[in-house]
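K.L.:
Quick one: the structure is below, questions incoming.
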Amino acid sequence: MTEKAGKKKRLGKRLIPYLFVLPAFVLHFTVVTFPSLSSLHLSLYDWNLIGSRKWVGLENYAKIFTKEAGVGEAVVHNLIWMAIFMIVPIVLGAVVAVLISRVKKGQMFFRTAFFMPYVISSAVVGKIWTALMNPYYGVNQIFANMGLEKLSQMKWLGDPKIALYSVAFVDNWHFWGFIMVLFLSALQQVDPTLYEAARVDGANAFQEFRYISIPGIRQTIAFLFLMIIMWSFLTFDYVYVMTNGGPAGSTEILATLIYKEAFVKYHAGYASALCVLQCFLCIGVYFLNVVIRKKGGIDEED
């Protein structure tokens, strides 16, 4: 074999791994990277999705920071949503996962029952709970029959002060079972001898949960924090189905604002600028989360 042929053979061996990766790379570039770059480019234009584009430079970005745009309120609502979902489903899922892990018989029934809402379509869940939260029937009628007058008069989706929390409650009802299943899987990786040793030392259930279960699943908790940050800025379905951003913009979030600007008002350029803002917010909060995790020792190997 000549030296030239040997070089070609070695080069071919080096290229083989890249050929396996190439289909995934092409798919990712086509579906994710190229549309993202197109949105960044489109954000510099004024376009109504029909006519020709008009170059406006950074004008769309300047509009974002005006008070009339309502972007600040939408970002605040996203942050509130993120705070809710970084606390309620995490705590609820962890506690229930620990309780179910101690069940010897019928554990699969409870796991299935709690996980079942997650498999239902978000649009279907939103419509069902919209009907249940109707002020003239549904849960209000149940509260009235129970003699709870104040609760029976609540306008769950019509009061600007509680509408966002009502929608978040529905999303949490749909979502927390998924968190619980992840925690159950993580708990199965915790060495059971640690619990046995703790019981020998006289530890109670709460101490086992605090000093064994939580440290044992901390990597899963860190992963869920990261994913919830992303999901909180990308959430759309429940708000759109249940309130469409109302009443009076009290549930407006970035995703619904982008949708309205692009497909209701036909401001495609401005909507693209909002998408860029949404992307940078996710990146910024992600790196903040990484710094906090490192300082708290969450990313350290056991």
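The values are calculated or read from the model by the stated rules, or taken from the named source; none is laboratory data. The structure presented is a predicted model; accordingly, all values stated were derived computationally and were not measured. All Cβ positions, glycine included, derive from the backbone under ideal geometry; neighbour counts span all protein chains shown. For the accessible areas, the whole protein counts, side chains as well, though only heavy atoms, and no ligand, DNA or RNA atoms are used. Shrake-Rupley method; radii C 1.70, N 1.55, O 1.52, S 1.80 Å.
K.L.:
Could you order 236, 29 so the one with the most accessible surface comes first? Probe is 1.4 Å. Mind dumping the intermediate values first?
P.N.:
Numbers: 236 60, 29 90 Å².
Sorted by accessible area, descending: 29, 236.
K.L.:
What is the dipole size for region 70-179, taken about its Cα centre, with +1 at each Lys and Arg Cβ and -1 at each Asp and Glu Cβ, in debye to the nearest 20? Show your work: numbers first, answer last.
P.N.:
On the way: 8 positive and 4 negative charges, 103 e Å.
The dipole of region 70-179 has a size of about 500 debye.
K.L.:
Starting from 0.36 nm per residue, how many nanometres of slack lie between residue 40 and residue 237 once their C-alpha separation is accounted for? Working shown, then result.
P.N.:
On the way: separation 197, 0.36 × 197 = 70.92 nm, distance 2.40 nm.
Gain on stretching residue 40 to residue 237: 68.5 nm.
K.L.:
Shifting gears a bit: Averaging the inverse of every distinct alpha carbon separation and then flipping it gives the Kirkwood radius. What is it for the chain, in angstrom units? Please report the intermediate quantities before stating the final value.
P.N.:
Numbers: mean 1/r = 0.0432 Å⁻¹.
Result for the chain stands at 23.2 Å.
K.L.:
Here's another thing I want to ask about it. Write down the radius of gyration of region 63-140 and its Dmax, each obtained from C-alpha positions, in Å.
P.N.:
Rg, Dmax (Cα atoms, Å): 18.6, 60.
K.L.:
Further, regarding this structure: On a 30 Å Cα-Cα criterion, which of the cross-link pairs 54/260; 104/294; 155/260; 260/294; 105/150 come out too long?
P.N.:
Exceeds cut-off: 104/294; 260/294; 105/150.
K.L.:
If you don't mind, there's one more thing I want to ask. Using Cα pairs closer than 8 Å and at least 6 residues apart in sequence, work out the relative contact order for region 33-166, in percent.
P.N.:
Numbers: 66 pairs, mean separation 12.7, N = 134.
Relative contact order for region 33-166 comes out at 9 percent.
K.L.:
Given the whole protein assembly as supplied and a 1.4 Å probe, what does the accessible area of residue 196 come to in Å², nearest 10?
P.N.:
100 Å²
K.L.:
Follow-up. Per residue, what accessible area does region 100-192 have, given a 1.4 Å probe and all protein chains present, in Å²? Working shown, then result.
P.N.:
Numbers: 5590 Å² over 93 residues.
It amounts to 60 Å² per residue over region 100-192.
K.L.:
Using amide H atoms built in the peptide plane, which far-off residues or other-chain residues are under 5 Å from residue 46 H to H?
P.N.:
Close amide H contacts, sequence-distant or interchain: 54, 55, 56.
K.L.:
What is the percent carbon and sulfur in the accessible area of the chain, measuring with a 1.4 Å probe over the protein chains and ignoring ligands?
P.N.:
On the way: 12620 of 18510 Å².
Roughly 68 percent, rounded to a whole number.
K.L.:
Additional query: Note the full-extension length gain between residue 162 and residue 110 as 0.36 nm times their separation in residues minus their Cα-Cα distance, in nm to one decimal.
P.N.:
Values: separation 52, 0.36 × 52 = 18.72 nm, distance 3.09 nm.
Length gained between residue 162 and residue 110: 15.6 nm.
K.L.:
Just subtract the alpha-carbon distance of residue 142 and residue 55 from 0.36 nm times their residue separation and send over the number in nm, one decimal.
P.N.:
25.6 nm
K.L.:
Here is a further query. To the nearest 0.05, how large is the calculated FRET efficiency for residue 18 and residue 263 if R₀ is 51 Å and r is the Cβ-Cβ distance?
P.N.:
On the way: r = 39 Å, r/R0 = 0.77.
It comes out at approximately 0.85.
K.L.:
Would you mind telling me which residue in 79, 187, 19 has the biggest mean-square fluctuation in a Gaussian network model of the chain, where springs connect alpha carbons within a distance under 10 angstrom?
P.N.:
Maximum fluctuation in the GNM of the chain, among the listed residues, is at 19.
K.L.:
Using a Förster distance of 30 Å, how high is the FRET efficiency between residue 203 and residue 119, based on the Cβ-Cβ distance and rounded to 0.05? Write out the running numbers ahead of the final one.
P.N.:
On the way: r = 37 Å, r/R0 = 1.22.
Once rounded, the FRET efficiency stands at 0.25.
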